[in-house]
């Protein structure tokens, strides 16, 4: 059987093998985990005052981020990337470039998200039926507000389910329409749902206020209504406990909605029941006002948070520190002249300018830079990384807008220095004139 003719790519592998193999294991500096001494245990945190406890809790969070970077860099992943780029690793041009260390975790995460969405959708349908029956047996405005909230729960589940399915659907037809994927569909769905929630509960608020203007009739609270809302509290509390730690804007919206349901149903039960026992019928519409204001405020905060992240809000300082630590662990990097981390939805975009030795050749600099980029994009929560290679730390940033802003800052600094120099000279002249005047007076 005739062997397949070698390609230029295969020839390149054999050519560069001997020259580059000794460089592969020197790209990442060894870690001594020398910062772990600063970590505080749970027992230490419990004995601290509140403000100091917040500081050290944040410090532990940063150390956890550094530990995740160390775990990635101490694996074979950076060496595998560099070896493939050098053409050292086994395989030919038909072999996939490399494996991704978090690929399996992402698949498991997506399966968990889909399971939560499906279960939540079914639960909301069942709860809507039970609350609808309870409202038909009662004239309580608090129960009616709870029914509206359940209807919106079902609507939210449908919106989030649809946007999550669209975000996870990838094929050749969508690859050219959405080159960087459709991950932003999920926070967009949360924004749409937030608008629905705010608008609907504004109507409930107006209805409650209108009932307060007249003497309301005493609200009846049937046993079926109490039972349905009690079940809702238990089920939604379980959903919140399962969802609140999962990093997904859709799942976080479900967690927040479930927590709102717990508070909402407890208040919906409490106000009409207390009004019925104490014979104060106005407590029922007051409960509707309180519930409406609570939901409007909560979902306005969610709307602003998701909108700001989609608009490019700066990432958390822990994310910035994690990326900076990751980049500086690479031995070829002499310094980092510029770094930016900002949101594009749930995940973060990273832009970093790294300074390499001027004597490094273009092929070696390219392979180093691309290895750094692959490692950055393998960190949790990072969507894309853009690594710009430089040889001079004083060069302007890599983008026109950033460079123009740097020029403007330099102009302002020069103007301030010039004004301060002129003011000092003016003060000295004034002192000289004043001193001469005083001498004349004495004479």
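Rounded to the nearest whole angstrom, the semi-axes of the ellipsoid equivalent to segment 223-345, taken from the Cα gyration tensor as √(5λ), stand at 46, 16, 9, largest first. Above 26 Å, the calculated P(r) of segment 258-411 contains 50 percent of its Cα-Cα pairs.
Per residue and in cubic angstrom, what volume does the convex hull of the Cα atoms of segment 317-390 have?
In segment 317-390, the Cα convex hull volume per residue is 74 Å³.
Taking the centroid of alpha carbons for each part, segment 62-79 and segment 236-284 are 40 Å apart.
Ordered by the number of other Cβ atoms lying within 10 Å of each residue's own Cβ, fewest first, 111, 313 fall into the sequence 111, 313.
For segment 246-291, report the % of Cα-Cα distances exceeding 14 Å. For segment 246-291, the fraction of Cα-Cα distances above 14 Å is 56 percent.
Structural size metrics of segment 103-310, computed from C-alpha coordinates, are Rg and Dmax of 18.7, 66 Å.
Which of 343, 214, 388 comes first, and how do the rest follow, when ranked by fewest Cβ neighbours within 10 Å?
214, 388, 343
The numbers here are math on the coordinates, done by the rules we state, and not lab data. As the structure is a prediction and not an experimental result, all values here were calculated from the model. When we count neighbours, we look across all protein chains shown, and the Cβ atoms used for this are built from the backbone with ideal geometry, even at glycine.
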